[in-house]
1. Scan the stretch 335-354 residue by residue and report those that are farther than 23 Å from Leu404 by Cα and in contact with a helix residue (DSSP H, G or I) (Cβ under 9 Å, 6 or more places away or on another chain).
2. So which of Ala433, Ala443 is farther than 19 Å from Leu379 by Cβ and either of a type in the set (A, V, I, L, M) or assigned by TED's automatic domain parsing to the domain that holds Leu355 (or both)?
3. Taking the condition modelled with pLDDT of 95 or more, closer than 17 Å to Leu507 by Cα and under 22 Å from the mean Cα position of the chain (by Cα), does His442 pass?
4. Tally the residues that are assigned to a loop (DSSP other than H, G, I, E, B) and either at pLDDT below 95 or in contact with a His (Cβ under 7 Å, 6 or more places away or on another chain) (or both), restricting the search to the stretch 468-494.
5. Looking only at the stretch 436-452, filter to residues that are surrounded by fewer than 22 Cβ atoms within 10 Å (Cβ to Cβ) and aliphatic (A, V, I, L, M); which one of those is farthest from Glu114 (Cα to Cα)?
6. Out of (1) surrounded by fewer than 24 Cβ atoms within 10 Å (Cβ to Cβ); (2) within 17 Å of Leu203 (Cβ to Cβ), the odd one out for Ile164 is which?
7. Please work out which one of (1) surrounded by fewer than 18 Cβ atoms within 10 Å (Cβ to Cβ); (2) assigned to a helix (DSSP H, G or I) is the condition Lys425 fails and give its number.
8. Which number in (1) modelled with pLDDT under 95; (2) not in a loop (DSSP other than H, G, I, E, B) marks the one condition that Pro284 misses?
Amino acid sequence: MIVPTDRFSATASEPAIAAEPRRLAAIDLGSNSFHLLVANYQDDRLQVVARLGEKVQLAAGLDEEGVLREDAMTRALDCLARFAPFLEGIARRDLRVVGTNALRDARNSQELIERAEALLGTRIEIIAGREEARLIYLGAAHAVAEDGRRLIVDIGGGSTEFIIGEHFEPLALESLRMGCVTFTRRFFGGGELSEKRMRRAELAALSELANIRRPYQRLGWSDPVGSSGTIKAAAAVIAAAGKGPEGVITRKGLADLRKRLLKCKRLDKVAMDGLKEDRASVFPAGIAILGAIFEAFDLEQMRYADGALREGVLYDMVGRHSPEDSRLKTLAGLARNYRVDSRQAEHVATTSLALCAQVREAWALDDDEVRFLDWGSRLHEIGQAISHSQFHRHGAYLLEHSDLAGFSRPEQRLLAFLVRAHRRKFPLKEWQALPASERHSHARLARLLRLAVLINHSRPEQPPGVPRLAADGEALHLTLATEEDPALLLNDLEQEVDYQAAAGFTLTLSRD
């Protein structure tokens, strides 16, 4: 059976739309630069209030073992401390902080995240490469605001994103592991700038592009557009040299720029009109990647659009917790593709939310937590598409490792944990591997889902009655109605008491 899209709700209770402009803020923790964007949203438009950016070069702070050094973390935290005053008065639901390639790669990224969350007082989310690409497209498409199929390219510090789309809908998304900071370390170590090193960087980029070149060319586009620092700088340098119109990179202008860079011979000697000093050292690597993109896709020109990840985050935030939430479409697609039993999913979701309502105040569960309990309930059987045996493990793997549009890695991790923990022994190993800040709430949601699944174990035709549930600290007490014949349910619940006790939780049972 198929779960229709409208089965996935944005939230149990949403605030009314405010008449006044909505103040939004996004922070992009990029591999090269950190960016802050604060804007008012009204009448489907963003009006920028503050825009800040600093070269932190987080990716340059990764050692050979993939560990972020303390000096890189200090640069990052110092930058965020300067951003923090601009966030005062902005509601939590209107602020989003996202991390990209360097934080995806760093083995100790959680250490920086926890320190940064303490500084900013809000959650930080690492997003996957294709989710980064989707958000970049959303930002760039709003900046271009024109019809037609376009190719969007964004060269970052640690990765480069490629998107083909029409209007505000992406048709193809890809994130490749090449960026101006990582390529600088890899091909221009020691600071030498030569034809041999430049060509090695270009060939490495061409190798990365080989996997997407033909499918992208088959899909086609009429308008190549670039966003973010490297492409903005390239357009500015070419225009300053009189080699092309402002905001446009031509093939001839790019070739001329490459020659001028090679004449510098060393990274610390790179200086050109239109190029900011703090970008100079990573600029040749960025141009090598850009040159490979022109070569692979046979481009004659590319124009720059002033809209990227942070703008995309803001536009995506506007649609969150509403029927336009991109995550709802993703969840409905999962349920459809993996043929989730819609009636059982609905019953379990209804029961879990009814149980939640009884302990929500005692456990101080917020709207986001309730929302994810609902979504996890509706997808708890997704793994049955692979095998009934250990289907909770299969489902958790699918949710954690799939590219889920609209979801950050922590959000996918929560969905995966709920599905993994919904039956059998409570997964202590996986639970203890979660960041300390997530364990408390994740365990509470999982315990509610476990009870909802047991109450619906017989897969009834009609929604079952919901027992009374009370919370005293972490202890739960479930009271069953006397008029029911709960032999099977009691047997399941007695086993559940033992499962929860083995995990250190208290569950007690009684009957009216």
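1. Once the filter is applied, which keeps residues that are farther than 23 Å from Leu404 by Cα and in contact with a helix residue (DSSP H, G or I) (Cβ under 9 Å, 6 or more places away or on another chain), the stretch 335-354 yields His347, Thr350, Thr351, Ser352, Leu353, Ala354.
2. Details: Ala443 fails: farther than 19 Å from Leu379 by Cβ.
Result of the check over Ala433, Ala443: Ala433.
3. Values: modelled with pLDDT of 95 or more: yes; closer than 17 Å to Leu507 by Cα: yes; under 22 Å from the mean Cα position of the chain (by Cα): yes.
Yes: the conditions hold for His442.
4. At the first step, the residues of the stretch 468-494 found to be assigned to a loop (DSSP other than H, G, I, E, B) are 473-474, 481-486.
From the residues that got through so far, the ones that are either at pLDDT below 95 or in contact with a His (Cβ under 7 Å, 6 or more places away or on another chain) (or both) too are 481-486.
The total comes to 6.
5. So, considering only residues that are surrounded by fewer than 22 Cβ atoms within 10 Å (Cβ to Cβ) and aliphatic (A, V, I, L, M), the one farthest from Glu114 (Cα to Cα) is Ala443.
6. The single condition Ile164 does not satisfy is (2).
7. Every listed condition holds for Lys425 apart from (2).
8. Condition (1) is where Pro284 drops out.
The values are calculated or read from the model by the stated rules, or taken from the named source; none is laboratory data. For clarity, every value in this text was computed on a predicted model and none was experimentally measured. Neighbour counts are summed over all protein chains in view; Cβ atoms, including those assigned to glycine, are modelled from backbone coordinates with ideal geometry.
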